[in-house]
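Written below as structure tokens is the structure these notes are about.
The values are calculated or read from the model by the stated rules, or taken from the named source; none is laboratory data. Note that this is a predicted model, so its numbers are computed, not measured. Every residue, glycine as well, gets a Cβ built from its backbone with ideal geometry; the counts of neighbours run over all protein chains shown. These area figures cover heavy atoms from the full protein model, side chains too; ligands, DNA and RNA do not enter into them. Shrake-Rupley method; radii C 1.70, N 1.55, O 1.52, S 1.80 Å.
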Amino acid sequence: MSLGAIPGTGPNTSPLPVIRKSKKKTMADLPSGRTLVMGILNVTEDSFSDGGKYLSTDAAIDQGLKLLYSGADIIDVGGESTRPGAKDVDPALEQERIIPVIEALVKAGAVISVDTMHVSTARAAIEAGAHIINDVSGLTYEQGMPELIAETGVPYVLMHRRGTAQNMVAEANYQDVVAEVIGELRGLRDEFVAKGVAPEQIIIDPGLGFAKDAGHNWALLANVPAIEELGHRVLIGTSRKRFLGELLAEGSKSRAPLERDAATAATTVLGARDKVWAVRVHDVAGSRDAIEVVQAYGSH
């Protein structure tokens, strides 16, 4: 996409895209009455779907603008892959990757979520204008994160995960995955509230694919209303994940990540029918269309 064709941008006359100042958005500017679409922007080298594609600041800003003008309500910027087996990234490098991107996209009028497990990165991102902290660390959250969220008052995505990126596959052991995930999320929620985080700041993510196999993911998707009974907004992230590839496998060959967008849009329909707060996706346009269909269907 030519940056010159994108509203709010100018010709690429410098090493970075030139972005004309736009009205800075707040959470209050987000639409109400429908499921929101959170577009994924991986400023990483090893994310499972598009690692390395947007690692440079220039490429990341360009892709962020594409997500914004494709209809993303929120852009989720991450500088560290959280796929199973991913290597840790030093917070200083993580911040070097994402802070210039956050600043540019906020200037362009985007609402920004930051996918980080690190307190120092979360603080730097908030200071750069980020609106939401999306923390996938689950039961192993970093010391000081609740206090930062309480201090700043920003919304916080509290996700369920057992273990770390290195060992979470082995942690996918449940007798009753729905009851156990809800119970562990409730315990996490209570820890954050006890440390000063307001309940209305908390957004719940059941963590599909994080210490969960395909059966666990489908069970949780089928029981979103039970998760919503925790009393918080719910974010669902299925986009291009392995369990969709396994579902669509031909023989023993799983469907490739870039060929899972139609299946992802189908899960967006399921989430929208359950009135989840947002879905986190790579293909923004497909999920926006899916939500429009649900809206139209529900009005008749």
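Of note, Arg260 does not satisfy the criterion of being closer than 28 Å to Gln201 by Cβ, modelled with pLDDT of 95 or more and of a type in the set (Lys, Arg). The C-beta contact set for segment 141-152 (first residue under 17 Å from Gly187 (Cβ atoms) and free of Cβ contacts under 8 Å to residues at least 60 places away in the same chain, second residue open to solvent by 10 Å² or more (accessible area, probe 1.4 Å) and basic (Lys, Arg), distance under 7 angstrom, 6+ apart or interchain) comprises Pro146/Lys195. For segment 275-282, the condition holds for no residue, the condition being that it is open to solvent by less than 60 Å² (accessible area, probe 1.4 Å), assigned to a helix (DSSP H, G or I), within 17 Å of Met38 (Cβ to Cβ) and not β-branched (Val, Ile, Thr). Only one entry in Glu103, Glu96 is acidic (Asp, Glu), open to solvent by 10 Å² or more (accessible area, probe 1.4 Å) and either assigned to a loop (DSSP other than H, G, I, E, B) or under 21 Å from Lys24 (Cβ atoms) (or both), namely Glu103. Taken together, the criteria exclude Leu244 from residues that are of a type in the set (A, V, I, L, M, F, W, C), open to solvent by 50 Å² or more (accessible area, probe 1.4 Å) and farther than 19 Å from Gly138 by Cα.
Each residue in segment 55-72 was checked for being surrounded by 23 or more Cβ atoms within 10 Å (Cβ to Cβ) and in a loop (DSSP other than H, G, I, E, B), and 1 of them qualify. Going through (1) at pLDDT 80 or above; (2) closer than 20 Å to Leu235 by Cα one by one, Thr82 falls short only on (1). Here is a check on your reading of the model: is Gly109 open to solvent by 10 Å² or more (accessible area, probe 1.4 Å), within 19 Å of Gly64 (Cβ to Cβ), not aromatic (Phe, Trp, Tyr) and not in a helix (DSSP H, G or I)? Taking the combined requirement at face value, the residue does not satisfy it. The residue of segment 73-84 that is surrounded by the fewest Cβ atoms within 10 Å (Cβ to Cβ), among those that are part of a loop (DSSP other than H, G, I, E, B) and among the small types (Gly, Ala, Ser), is Ser81.
Filter segment 78-113 down to the residues that are out of contact with any Ser or Thr (no Cβ under 7 Å at 6 or more places or on another chain) and among the β-branched types (Val, Ile, Thr) and list them by number. Thr82, Val89, Ile98, Ile99, Ile102, Val106, Val111, Ile112 - these are the residues of segment 78-113 that are out of contact with any Ser or Thr (no Cβ under 7 Å at 6 or more places or on another chain) and among the β-branched types (Val, Ile, Thr). Summed over segment 115-136, the residues that are free of Cβ contacts under 8 Å to residues at least 60 places away in the same chain and part of a loop (DSSP other than H, G, I, E, B) give a count of 5. Looking across Thr152, Thr238, one residue alone is polar (S, T, N, Q) and either within 18 Å of Trp277 (Cβ to Cβ) or open to solvent by less than 20 Å² (accessible area, probe 1.4 Å) (or both). It is Thr238.
Would you say Pro206 is under 17 Å from the mean Cα position of the chain (by Cα) and either open to solvent by less than 40 Å² (accessible area, probe 1.4 Å) or touching a residue at least 40 places away in the same chain (Cβ under 8 Å) (or both)? Yes; evaluated as a whole, the condition is true for this residue.
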